[in-house]
Amino acid sequence: MLTSLPAMLYHPCYSELDLPAQHRYPITKYQALYQQLLSIGVPVSAFSLSTPISSEQLAQVHCPHYIRSLQDGSILPKAMRRIGFPWSEQLFQRSLCSLGGTLQTAQAALKQGIALHLSGGYHHAFYNEGSGFCLFNDLVVAAKTLLTQEVDKILIIDLDVHQGDGSAAMLADEPRIISCSIHCEKNFPYYKQQSDWDVGVAKDCSDNDYLQTVQQSVQTLINWHQPDLVLYDAGVDIHQRDELGLLSISTAALYQRDLLVLQCCVDNAIPVAAVIGGGYQRNVDALVQLHLQLFKAAFTLYGSHFASKIET
Ligand SMILES: [Zn+2]
(Lines give C-alpha, C1' and ligand atoms only; values in the text may rest on other atoms or scores of the structure.)
Protein backbone atom coordinates (compact mmCIF):
# COMPACT_ATOMS: atom_id res chain seq x y z
CA MET A 1 0.00 0.00 0.00
CA LEU A 2 1.25 3.46 -0.89
CA THR A 3 1.29 6.10 1.83
CA SER A 4 -0.34 9.55 2.11
CA LEU A 5 -1.79 11.01 -1.11
CA PRO A 6 -0.82 11.11 -4.77
CA ALA A 7 0.93 14.26 -5.96
CA MET A 8 -1.52 16.67 -7.62
CA LEU A 9 -0.71 19.59 -9.91
CA TYR A 10 -2.99 22.54 -10.60
CA HIS A 11 -3.02 26.18 -11.64
CA PRO A 12 -5.98 28.63 -11.61
CA CYS A 13 -5.08 29.82 -15.12
CA TYR A 14 -6.41 26.52 -16.53
CA SER A 15 -9.91 27.96 -16.30
CA GLU A 16 -8.92 31.53 -17.10
CA LEU A 17 -9.64 31.90 -20.79
CA ASP A 18 -12.10 34.30 -22.36
CA LEU A 19 -14.15 32.37 -24.89
CA PRO A 20 -17.12 33.45 -27.01
CA ALA A 21 -20.52 32.74 -25.43
CA GLN A 22 -21.78 29.24 -26.31
CA HIS A 23 -18.26 27.99 -27.07
CA ARG A 24 -18.44 24.23 -26.58
CA TYR A 25 -15.20 23.95 -24.60
CA PRO A 26 -15.98 23.53 -20.86
CA ILE A 27 -13.20 25.83 -19.73
CA THR A 28 -14.51 26.13 -16.15
CA LYS A 29 -14.12 22.41 -15.46
CA TYR A 30 -10.55 22.69 -14.15
CA GLN A 31 -11.39 25.11 -11.40
CA ALA A 32 -14.62 23.24 -10.62
CA LEU A 33 -12.66 19.99 -10.26
CA TYR A 34 -10.15 21.64 -7.92
CA GLN A 35 -12.97 23.15 -5.82
CA GLN A 36 -14.73 19.81 -5.66
CA LEU A 37 -11.58 18.11 -4.35
CA LEU A 38 -11.22 20.83 -1.70
CA SER A 39 -14.87 20.46 -0.76
CA ILE A 40 -14.46 16.77 0.12
CA GLY A 41 -11.62 17.75 2.42
CA VAL A 42 -8.47 17.33 0.35
CA PRO A 43 -6.15 19.96 1.83
CA VAL A 44 -4.86 22.85 -0.29
CA SER A 45 -1.36 21.74 0.73
CA ALA A 46 -1.85 18.49 -1.22
CA PHE A 47 -1.69 20.46 -4.50
CA SER A 48 1.40 21.87 -6.15
CA LEU A 49 1.14 24.90 -8.38
CA SER A 50 2.33 24.10 -11.88
CA THR A 51 4.82 26.45 -13.49
CA PRO A 52 5.08 27.28 -17.20
CA ILE A 53 7.46 25.33 -19.37
CA SER A 54 10.25 27.45 -20.83
CA SER A 55 10.24 28.42 -24.51
CA GLU A 56 13.62 26.71 -24.83
CA GLN A 57 12.26 23.40 -23.55
CA LEU A 58 9.21 23.70 -25.78
CA ALA A 59 11.38 24.41 -28.82
CA GLN A 60 13.16 21.09 -28.26
CA VAL A 61 9.94 19.30 -29.18
CA HIS A 62 7.75 21.66 -31.26
CA CYS A 63 8.62 23.70 -34.35
CA PRO A 64 10.16 27.05 -33.25
CA HIS A 65 8.38 28.91 -36.06
CA TYR A 66 5.01 27.49 -34.96
CA ILE A 67 5.71 28.41 -31.32
CA ARG A 68 6.57 31.98 -32.35
CA SER A 69 3.39 32.31 -34.41
CA LEU A 70 1.31 31.40 -31.35
CA GLN A 71 3.36 33.63 -29.10
CA ASP A 72 3.03 36.80 -31.19
CA GLY A 73 -0.38 36.08 -32.72
CA SER A 74 0.91 35.93 -36.30
CA ILE A 75 -0.57 32.45 -36.74
CA LEU A 76 -2.99 32.27 -39.68
CA PRO A 77 -6.74 32.36 -38.93
CA LYS A 78 -7.16 29.05 -40.74
CA ALA A 79 -4.67 27.40 -38.38
CA MET A 80 -6.49 28.87 -35.37
CA ARG A 81 -9.82 27.56 -36.67
CA ARG A 82 -8.33 24.08 -36.75
CA ILE A 83 -7.37 24.53 -33.08
CA GLY A 84 -10.87 25.75 -32.25
CA PHE A 85 -10.02 28.66 -29.94
CA PRO A 86 -9.66 32.34 -30.81
CA TRP A 87 -6.04 33.43 -30.47
CA SER A 88 -5.09 35.35 -27.34
CA GLU A 89 -1.99 35.95 -25.26
CA GLN A 90 -3.90 34.33 -22.39
CA LEU A 91 -4.38 31.16 -24.44
CA PHE A 92 -0.65 30.88 -25.16
CA GLN A 93 0.35 31.46 -21.52
CA ARG A 94 -2.25 29.00 -20.29
CA SER A 95 -0.83 26.37 -22.65
CA LEU A 96 2.71 26.89 -21.37
CA CYS A 97 1.50 26.44 -17.81
CA SER A 98 -0.41 23.29 -18.66
CA LEU A 99 2.61 21.86 -20.47
CA GLY A 100 4.77 22.62 -17.44
CA GLY A 101 2.10 21.00 -15.27
CA THR A 102 2.18 17.71 -17.15
CA LEU A 103 5.98 17.64 -17.07
CA GLN A 104 5.98 18.39 -13.34
CA THR A 105 3.31 15.73 -12.78
CA ALA A 106 5.54 13.19 -14.52
CA GLN A 107 8.50 14.26 -12.38
CA ALA A 108 6.37 13.95 -9.24
CA ALA A 109 5.27 10.45 -10.30
CA LEU A 110 8.91 9.40 -10.57
CA LYS A 111 9.37 10.44 -6.93
CA GLN A 112 6.01 9.43 -5.45
CA GLY A 113 4.54 6.64 -7.56
CA ILE A 114 1.28 8.24 -8.67
CA ALA A 115 0.75 11.86 -9.69
CA LEU A 116 -2.32 13.52 -11.15
CA HIS A 117 -2.62 16.65 -13.26
CA LEU A 118 -5.84 18.68 -13.16
CA SER A 119 -5.31 19.48 -16.83
CA GLY A 120 -3.47 18.00 -19.81
CA GLY A 121 -4.10 15.50 -22.56
CA TYR A 122 -3.53 17.79 -25.56
CA HIS A 123 -2.94 14.84 -27.83
CA HIS A 124 -4.18 16.37 -31.11
CA ALA A 125 -1.24 18.79 -31.33
CA PHE A 126 1.36 17.99 -33.99
CA TYR A 127 4.95 19.18 -34.38
CA ASN A 128 4.04 22.32 -36.30
CA GLU A 129 0.28 22.64 -36.03
CA GLY A 130 -2.49 22.41 -33.50
CA SER A 131 -5.90 20.81 -33.75
CA GLY A 132 -8.99 19.93 -31.70
CA PHE A 133 -8.45 22.40 -28.80
CA CYS A 134 -4.75 21.46 -28.57
CA LEU A 135 -1.91 23.93 -29.21
CA PHE A 136 1.06 21.91 -28.00
CA ASN A 137 1.28 18.24 -27.06
CA ASP A 138 1.90 18.08 -23.31
CA LEU A 139 2.24 14.29 -23.28
CA VAL A 140 4.94 14.26 -25.94
CA VAL A 141 6.72 17.31 -24.51
CA ALA A 142 6.83 15.69 -21.05
CA ALA A 143 7.93 12.32 -22.42
CA LYS A 144 10.65 13.69 -24.69
CA THR A 145 11.94 16.07 -22.02
CA LEU A 146 12.24 13.29 -19.44
CA LEU A 147 13.90 10.99 -21.93
CA THR A 148 16.84 13.38 -22.08
CA GLN A 149 16.95 13.61 -18.29
CA GLU A 150 16.12 10.62 -16.15
CA VAL A 151 14.26 7.80 -17.87
CA ASP A 152 14.95 5.42 -20.75
CA LYS A 153 11.53 4.06 -21.71
CA ILE A 154 8.07 5.61 -21.50
CA LEU A 155 4.61 4.27 -22.30
CA ILE A 156 1.77 6.66 -23.13
CA ILE A 157 -1.64 5.11 -22.48
CA ASP A 158 -4.22 7.35 -24.15
CA LEU A 159 -7.79 6.35 -23.29
CA ASP A 160 -9.49 9.58 -24.39
CA VAL A 161 -12.33 8.75 -26.80
CA HIS A 162 -10.48 10.53 -29.61
CA GLN A 163 -7.37 9.02 -31.17
CA GLY A 164 -4.08 10.52 -29.98
CA ASP A 165 -3.16 11.40 -33.55
CA GLY A 166 -0.70 14.18 -32.73
CA SER A 167 1.16 11.99 -30.24
CA ALA A 168 1.34 9.12 -32.74
CA ALA A 169 2.77 11.36 -35.47
CA MET A 170 5.24 13.11 -33.17
CA LEU A 171 6.51 9.79 -31.78
CA ALA A 172 6.69 7.85 -35.05
CA ASP A 173 10.51 7.93 -35.02
CA GLU A 174 10.97 7.51 -31.27
CA PRO A 175 11.12 3.82 -30.28
CA ARG A 176 11.78 4.62 -26.62
CA ILE A 177 8.32 6.14 -26.23
CA ILE A 178 5.46 3.76 -27.01
CA SER A 179 2.13 5.36 -27.90
CA CYS A 180 -1.09 3.49 -27.23
CA SER A 181 -4.50 4.84 -28.16
CA ILE A 182 -7.81 3.11 -27.41
CA HIS A 183 -10.51 5.30 -28.94
CA CYS A 184 -13.86 5.34 -30.71
CA GLU A 185 -13.13 4.35 -34.31
CA LYS A 186 -15.94 6.46 -35.77
CA ASN A 187 -14.99 9.77 -34.20
CA PHE A 188 -12.63 12.72 -34.66
CA PRO A 189 -9.94 12.66 -36.01
CA TYR A 190 -11.38 11.04 -39.11
CA TYR A 191 -7.92 10.59 -40.60
CA LYS A 192 -6.14 8.45 -38.00
CA GLN A 193 -2.38 8.37 -37.50
CA GLN A 194 -0.59 5.15 -36.61
CA SER A 195 0.24 4.76 -32.93
CA ASP A 196 2.42 1.89 -31.77
CA TRP A 197 -0.79 0.29 -30.47
CA ASP A 198 -4.22 1.37 -31.71
CA VAL A 199 -7.58 -0.06 -30.82
CA GLY A 200 -10.58 1.56 -32.48
CA VAL A 201 -13.64 0.47 -30.54
CA ALA A 202 -17.15 0.38 -32.00
CA LYS A 203 -19.85 2.83 -30.91
CA ASP A 204 -21.93 0.09 -29.27
CA CYS A 205 -19.02 -1.32 -27.25
CA SER A 206 -20.22 -2.58 -23.84
CA ASP A 207 -18.64 -1.69 -20.50
CA ASN A 208 -17.25 -5.21 -20.18
CA ASP A 209 -15.77 -5.36 -23.65
CA TYR A 210 -14.23 -1.93 -23.19
CA LEU A 211 -12.67 -2.82 -19.83
CA GLN A 212 -11.37 -6.12 -21.18
CA THR A 213 -9.74 -4.32 -24.12
CA VAL A 214 -8.09 -1.82 -21.78
CA GLN A 215 -6.91 -4.52 -19.37
CA GLN A 216 -5.38 -6.68 -22.10
CA SER A 217 -3.75 -3.77 -23.89
CA VAL A 218 -2.21 -2.23 -20.79
CA GLN A 219 -0.89 -5.54 -19.47
CA THR A 220 0.52 -6.50 -22.87
CA LEU A 221 2.25 -3.15 -23.38
CA ILE A 222 3.74 -3.06 -19.89
CA ASN A 223 5.09 -6.60 -20.30
CA TRP A 224 6.43 -5.85 -23.76
CA HIS A 225 7.94 -2.40 -23.25
CA GLN A 226 8.71 -2.52 -19.50
CA PRO A 227 8.57 1.28 -19.23
CA ASP A 228 10.23 3.36 -16.50
CA LEU A 229 7.21 5.67 -16.54
CA VAL A 230 3.61 5.58 -17.74
CA LEU A 231 1.80 8.73 -18.89
CA TYR A 232 -1.92 8.14 -18.72
CA ASP A 233 -4.53 10.27 -20.53
CA ALA A 234 -7.71 9.55 -18.57
CA GLY A 235 -10.14 11.36 -20.89
CA VAL A 236 -13.74 10.96 -19.76
CA ASP A 237 -15.29 11.62 -23.15
CA ILE A 238 -15.90 7.85 -23.47
CA HIS A 239 -18.86 8.42 -21.12
CA GLN A 240 -22.44 7.85 -22.25
CA ARG A 241 -23.41 11.46 -21.48
CA ASP A 242 -20.50 13.04 -23.31
CA GLU A 243 -21.57 15.43 -26.02
CA LEU A 244 -18.70 14.62 -28.39
CA GLY A 245 -17.85 11.06 -27.42
CA LEU A 246 -20.24 8.71 -29.27
CA LEU A 247 -19.48 5.80 -26.89
CA SER A 248 -21.80 4.72 -24.09
CA ILE A 249 -19.55 3.78 -21.20
CA SER A 250 -21.01 4.08 -17.67
CA THR A 251 -19.56 6.02 -14.75
CA ALA A 252 -18.90 2.74 -12.91
CA ALA A 253 -16.85 1.44 -15.84
CA LEU A 254 -14.98 4.74 -16.05
CA TYR A 255 -13.92 4.31 -12.43
CA GLN A 256 -12.98 0.66 -13.05
CA ARG A 257 -10.89 1.72 -16.05
CA ASP A 258 -8.93 4.31 -14.10
CA LEU A 259 -8.45 1.90 -11.21
CA LEU A 260 -7.19 -0.89 -13.41
CA VAL A 261 -4.69 1.31 -15.26
CA LEU A 262 -3.27 2.77 -12.04
CA GLN A 263 -3.34 -0.62 -10.30
CA CYS A 264 -1.49 -2.26 -13.16
CA CYS A 265 1.27 0.36 -12.90
CA VAL A 266 1.48 0.02 -9.11
CA ASP A 267 1.58 -3.80 -9.33
CA ASN A 268 4.49 -3.53 -11.76
CA ALA A 269 6.21 -0.83 -9.68
CA ILE A 270 6.02 1.67 -12.55
CA PRO A 271 5.47 5.36 -11.72
CA VAL A 272 2.33 6.70 -13.39
CA ALA A 273 1.43 10.31 -14.17
CA ALA A 274 -2.18 10.86 -15.19
CA VAL A 275 -3.78 13.84 -16.94
CA ILE A 276 -7.53 14.38 -16.95
CA GLY A 277 -7.91 14.64 -20.75
CA GLY A 278 -11.09 15.36 -22.67
CA GLY A 279 -14.65 15.57 -21.40
CA TYR A 280 -17.45 17.64 -22.91
CA GLN A 281 -20.75 18.42 -21.24
CA ARG A 282 -22.63 21.67 -20.81
CA ASN A 283 -23.36 20.50 -17.27
CA VAL A 284 -19.96 21.12 -15.70
CA ASP A 285 -20.90 19.60 -12.31
CA ALA A 286 -21.84 16.34 -14.01
CA LEU A 287 -18.62 16.47 -16.02
CA VAL A 288 -16.47 17.08 -12.94
CA GLN A 289 -18.06 14.05 -11.29
CA LEU A 290 -16.59 11.97 -14.13
CA HIS A 291 -13.11 13.50 -13.88
CA LEU A 292 -13.25 12.82 -10.13
CA GLN A 293 -13.26 9.07 -10.83
CA LEU A 294 -9.53 9.23 -11.61
CA PHE A 295 -8.92 10.81 -8.20
CA LYS A 296 -11.16 8.26 -6.51
CA ALA A 297 -9.14 5.48 -8.13
CA ALA A 298 -5.83 6.98 -6.99
CA PHE A 299 -7.16 7.67 -3.48
CA THR A 300 -8.34 4.05 -3.29
CA LEU A 301 -4.84 2.80 -4.09
CA TYR A 302 -3.42 5.10 -1.43
CA GLY A 303 -5.94 3.75 1.10
CA SER A 304 -7.23 7.30 1.59
CA HIS A 305 -10.66 7.93 3.08
CA PHE A 306 -11.21 10.62 0.43
CA ALA A 307 -12.02 7.79 -2.00
CA SER A 308 -15.30 7.11 -0.19
CA LYS A 309 -16.30 10.77 -0.51
CA ILE A 310 -16.46 10.58 -4.30
CA GLU A 311 -19.56 8.91 -5.68
CA THR A 312 -19.52 6.65 -8.70
ZN1 LIG B 1 -11.19 13.66 -26.52
*Heavy-atom accessible area ranking, 1.4 Å probe, most first, across K296, K186*: K186, K296
_Just to be sure I understand: with springs between alpha-carbon atoms less than 10 Å apart, which residue in L159, L254, L38 has the highest mean-square fluctuation in the Gaussian network model of the chain?_
L38
*Where labels lie 7 Å past Cα in the beta-carbon direction, separation of Q215 and D18 in nm*: 5.1
*At a probe radius of 1.4 Å, what is the per-residue accessible area of C264, in Å² to the nearest 10?*
10
*Using a 1.4 angstrom probe with every protein chain in place, what is the largest-first accessible-area order of D204, D237, D196?*
D204, D196, D237
_Multiplying the sequence separation of Q93 and E243 by 0.36 nm and subtracting their Cα-Cα distance, what value in nm do you get?_
51.2 nm
_Given the options F47, A269, A169, identify the residue whose Cα lies farthest towards the positive end of the charge dipole of the stretch 7-309 (+1 on Cβ of Lys, Arg; -1 on Cβ of Asp, Glu)._
F47
*Would you work out the charge dipole size for the chain about its Cα centre, treating the Cβ of every Lys and Arg as +1 and the Cβ of every Asp and Glu as -1, and quote it to the nearest 20 debye?*
420
*Can you flag which of K203/K309; K78/K192; K29/K192; K144/K186; K78/K203; K144/K296 are past 24 Å Cα-Cα?*
K203/K309; K29/K192; K144/K186; K78/K203; K144/K296
*If ligands, DNA and RNA are left out, what is the accessible area of S15 with a 1.4 Å probe, given in Å² to the nearest 10?*
20
*Give the Cα extents of the chain along the principal axes, in whole Å, largest first.*
50, 41, 40
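For the chain, what relative contact order do you get, as a whole percent, if you take Cα pairs closer than 8 Å and at least 6 residues apart? Could the numbers behind the result be given before it?
Values: 650 pairs, mean separation 63.9, N = 312.
It rounds to 20 percent for the chain.
The values are calculated or read from the model by the stated rules, or taken from the named source; none is laboratory data. Being a predicted model, the structure only gives us computed values, none of them experimental. Every residue, glycine as well, gets a Cβ built from its backbone with ideal geometry; the counts of neighbours run over all protein chains shown. The accessibility values were calculated without ligands, DNA or RNA, using every heavy atom of the protein model including side chains. Shrake-Rupley method; radii C 1.70, N 1.55, O 1.52, S 1.80 Å.
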